[in-house]
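Notes follow the structure.
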Amino acid sequence: MKETKALSLFSGGLDSILATRLVMSQGIEVVAIQFVTPFFNYHVLDDIPGHKEKIRSKFGIDVEVVDISKGYLELLRNPAHGFGKNFNPCIDCKIYMLSRAKEMMDELGAKFLITGEVLGQRPMSQRRDTLNVIERDSGSRSILLRPLSAKLMVETEAEREGWVDRDKLLNFSGRGRSNQIRLAKEYGITDFPAPAGGCTLADPILSRRVSQLYSEDSVLQPAEITTTDVRLLFIGRQFVFPGGGWMILGRDERDNDQLEALAGAEDALLWMEERPGPAALLRRAATWYDDPADREEDLQLAASLVVRYGKKIAGTRPPGEVTCTLQGNSRIIIADPLPDEVFRSWIL
Ligand code: SF4
């Protein structure tokens, strides 16, 4: 058989694993593409070789990792098909990923695309009419094969041309998982992720933070939002000060370390040397403020919150010395703990 190559959209979930393996089982070489953004799979970027090795040894699949954060942040500004229950633009998300995958086909020598979508599995993005819209708007109508539900769908080029045998494809539909679990067993796959986990845009609490970042009264213009902004958004406690300054406060040592690691040249970092407590990051402190007096005011508030959430001493919270670094300069701010009733409404 002439060698055929396909490109699979690989989320890491069971359906995408099975769809990929099903096509591989027909002797087709499949490159699995795992897209990452700060909303899903971002941790993969910490150790790409280790991740690839893990996927190969657990599922027998060769995966390539592609960071699509920049385009994805733009997509969130105004997705043509709107949002789901939370801040999840599922239809546009799929269209975008398929469009990006389609762009890679030539370079990789792939003849068709694969997804693990199952007809009727999700209320919004896997209805038949929605699947059609996704195909149409991503320009992938005849080249997109959904092996798990292919027998319930119109033939694609891969079937018509005989690259894959339609008879060996499947007719899964609906929300049940028993068919998938059975197929996983056949492939000897036992250790796979739970369904529907992992996308913060579909998480009711975390997605609210993202939607506020993209809202009209956000501290940032949509075009200014960066991957680091989104990563900071998922850390610790978030505050927007009355003047609009944005501050993140660590809840524990891990948060504090992350804030330190993510702090950019224009951010202020604050913490107490003298007793345990949180680190705070005042985002874009060097550039966001037109008036230095406003910046000073927010740095003072940030310091007061560091003291407020710092460890008590003999049952009380005395004023503290807070170290503040900004653009290579370090100084001490003396601050009283801020009373809760003052800052409650600033919590994001
Ligand atoms: S849940 Fe998240 S990753 Fe999945 S389609 Fe929706 S927006 Fe995209």
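For region 109-126, the criterion of being of a type outside the set (A, V, I, L, M, F, W, C), part of a helix (DSSP H, G or I) and at pLDDT 95 or above is met by no residue.
Restricting to region 155-209, count the residues that are aromatic (Phe, Trp, Tyr) and either closer than 23 Å to Ile55 by Cα or under 26 Å from the mean Cα position of the chain (by Cα) (or both). Count: 2. Residues being modelled with pLDDT under 95, surrounded by 15 or more Cβ atoms within 10 Å (Cβ to Cβ) and closer than 20 Å to Cys93 by Cβ are entirely absent from region 180-192. Among the residues here, Ile68 does not qualify as surrounded by 15 or more Cβ atoms within 10 Å (Cβ to Cβ), of a type in the set (A, V, I, L, M) and closer than 28 Å to Asn179 by Cα. Every residue in region 289-348 that is in contact with a Ser or Thr (Cβ under 9 Å, 6 or more places away or on another chain), open to solvent by 80 Å² or more (accessible area, probe 1.4 Å) and within 14 Å of Glu274 (Cβ to Cβ), please. Of everything in region 289-348, just one residue is in contact with a Ser or Thr (Cβ under 9 Å, 6 or more places away or on another chain), open to solvent by 80 Å² or more (accessible area, probe 1.4 Å) and within 14 Å of Glu274 (Cβ to Cβ), namely Ile332. Could you tell me whether Asp129 is more than 28 Å from Gln26 (Cβ to Cβ), open to solvent by less than 40 Å² (accessible area, probe 1.4 Å) and part of a helix (DSSP H, G or I)? So Asp129 does not fit the description; no. Put simply, of Lys94, Lys102 the only residue that is within 16 Å of the ligand (Cβ to nearest atom) and open to solvent by 20 Å² or more (accessible area, probe 1.4 Å) is Lys94. Condition check for Pro242 on (1) more than 26 Å from the chain's Cα centre (by Cα); (2) free of Cβ contacts under 8 Å to residues at least 60 places away in the same chain: one failure, at (2). I need the full set of residues from region 310-325 which are at pLDDT 95 or above and of a type in the set (A, V, I, L, M, F, W, C), in order please. Result: Val322, Cys324. The condition of being crowded, with 21+ Cβ neighbours inside 10 Å, more than 15 Å from the ligand (Cβ to nearest atom) and not hydroxyl-bearing (Ser, Thr, Tyr) holds for only one of Val164, Val118, Val154, that being Val164. Looking only at region 171-178, decide whether some residue is within 16 Å of the ligand (Cβ to nearest atom), open to solvent by 50 Å² or more (accessible area, probe 1.4 Å), farther than 23 Å from Leu144 by Cβ and touching a residue at least 24 places away in the same chain (Cβ under 8 Å). Among the residues of region 171-178, not one is within 16 Å of the ligand (Cβ to nearest atom), open to solvent by 50 Å² or more (accessible area, probe 1.4 Å), farther than 23 Å from Leu144 by Cβ and touching a residue at least 24 places away in the same chain (Cβ under 8 Å), which makes the answer no. So for region 3-25 (the condition being more than 16 Å from the ligand (Cβ to nearest atom) and farther than 24 Å from Val154 by Cβ), does at least one residue qualify? Scanning region 3-25, I find at least one residue that is more than 16 Å from the ligand (Cβ to nearest atom) and farther than 24 Å from Val154 by Cβ, so the answer is yes.
Among the residues of region 74-87, the ones that are within 13 Å of the ligand (Cβ to nearest atom) and within 18 Å of Thr226 (Cα to Cα) come to 4 in all.
The values are calculated or read from the model by the stated rules, or taken from the named source; none is laboratory data. None of these values were measured; they are calculated from a predicted model. Note: ideal-geometry Cβ built from the backbone for every residue, glycine included; neighbour counts use all protein chains shown. With ligands, DNA and RNA removed, areas are computed over all heavy atoms of the protein, side chains included. Shrake-Rupley method; radii C 1.70, N 1.55, O 1.52, S 1.80 Å.
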